[in-house]
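Inspection log for the structure reproduced underneath, given as structure tokens.
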Amino acid sequence: MNRALLIIAIPAFLVSIFWLTIGWGWRTALVGGCLELGVAIGAVIYLKRRNSEPPNPRCGGVIE
């Protein structure tokens, strides 16, 4: 994973939990943090699967 993404994503995650805690309390911050992690993990899995699929020879492959 790109280091620049981690440098931005980790502090952004912590800051969002901090502001949720101040605004609505620990319960909301915990739920919001879990939702953020779920979305982030889902996006990483989706991008990994999408990029690792082998190219389909029928779609733009070599014409014989």
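Taking the range 1-39, which residues are in a helix (DSSP H, G or I) and of a type outside the set (A, V, I, L, M, F, W, C)?
Filtering the range 1-39 for residues in a helix (DSSP H, G or I) gives 3-24, 26-39.
Across the range 1-39, the qualifying residues are R3, P11, S16, T21, G23, R27, T28, G32, G33, E36, G38.
Sub-6 Å Cβ pairs linking a first residue in the range 24-45 that is surrounded by 12 or more Cβ atoms within 10 Å (Cβ to Cβ) to a second residue that is β-branched (V, I, T), at least 6 apart or interchain, are A29/I17; A29/T21; G33/I17, ordered by first then second residue.
Does V39 count as within 11 Å of the chain's Cα centre (by Cα), of a type in the set (V, I, T) and on the phi < 0 side of the Ramachandran plot?
On the way: within 11 Å of the chain's Cα centre (by Cα): yes; of a type in the set (V, I, T): yes; on the phi < 0 side of the Ramachandran plot: yes.
It is true that V39 is within 11 Å of the chain's Cα centre (by Cα), of a type in the set (V, I, T) and on the phi < 0 side of the Ramachandran plot.
We did not get these values from a lab; they are worked out from the coordinates using the rules stated. Note that the structure is predicted; figures quoted are calculated from it, not measured. As a convention, Cβ positions derive from the backbone with ideal geometry for all residues, glycine included, and neighbour counts pool all protein chains shown.
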